[in-house]
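So the structure is just underneath, and the comments pick up after that.
The values are calculated or read from the model by the stated rules, or taken from the named source; none is laboratory data. Predicted model only: the values in this text are computed from it and were never measured. Neighbour counts run over all protein chains shown; Cβ positions are idealised from the backbone, glycine included.
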Amino acid sequence: MKRLFLMSKLHNAKITGANLRQEGSFEIDRELMEAADILVNEQLHIYNIDTGAQFSTYVYPAAYGSRVISISGACAHLASPGDRVILSTYGQFDREEYRAFNPKILLLDEHNNFTMQSKRRLIESPAAEGVT
């Protein structure tokens, strides 16, 4: 049986732009996308730290190294420039795949530079995971 698990996370990203009239959904600096293993058109879950809003859309790339985190279209009603957000992707894994997988977690500073990349599992012990 497949289950849904965290694949990647950009924690504490700062929204740099919002455009209600632009087609598209969520634009992320291509360098951050590569570091977090997020693909173009991949489903993205957004958790707005400032407002509590939670929503999902798809990703498209901004210029490499630009540190752009921009929201467009209807989703722009749910976040504003300056808001802090958590961006996550998820994937389906069976037990064996999950045991070998480590999510890519980037912690971002106020300029959307990643200050740390977590290389550890969120839950370390198999007993704590409930995976036997």
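Observations, loosely collected:
- Of the criteria (1) touching a strand residue (DSSP E or B) at 6+ places or on another chain (Cβ under 7 Å); (2) modelled with pLDDT of 95 or more, which one GLU31 fails: (1)
- Qualifying positions in region 1-38 - closer than 19 Å to PHE114 by Cβ, in a loop (DSSP other than H, G, I, E, B), over 11 Å from the mean Cα position of the chain (by Cα) and not hydroxyl-bearing (Ser, Thr, Tyr): ILE15
- Near pairs, Cβ below 7 angstrom, 6+ apart or cross-chain, from region 31-60 (within 15 Å of HIS11 (Cα to Cα)) to any residue that is acidic (Asp, Glu) and surrounded by 14 or more Cβ atoms within 10 Å (Cβ to Cβ): ASN48/ASP83; ASP50/ASP83
- All told, ILE49 meets the bar of being touching a Lys or Arg at 6+ places or on another chain (Cβ under 7 Å) and either surrounded by fewer than 20 Cβ atoms within 10 Å (Cβ to Cβ) or modelled with pLDDT under 95 (or both).
- Test for TYR90: is it hydroxyl-bearing (Ser, Thr, Tyr), more than 14 Å from GLU27 (Cα to Cα), touching a His at 6+ places or on another chain (Cβ under 9 Å) and surrounded by 15 or more Cβ atoms within 10 Å (Cβ to Cβ): yes
- Matching residues, region 25-45, being over 12 Å from SER70 (Cβ atoms), small (Gly, Ala, Ser) and surrounded by 18 or more Cβ atoms within 10 Å (Cβ to Cβ): ALA36
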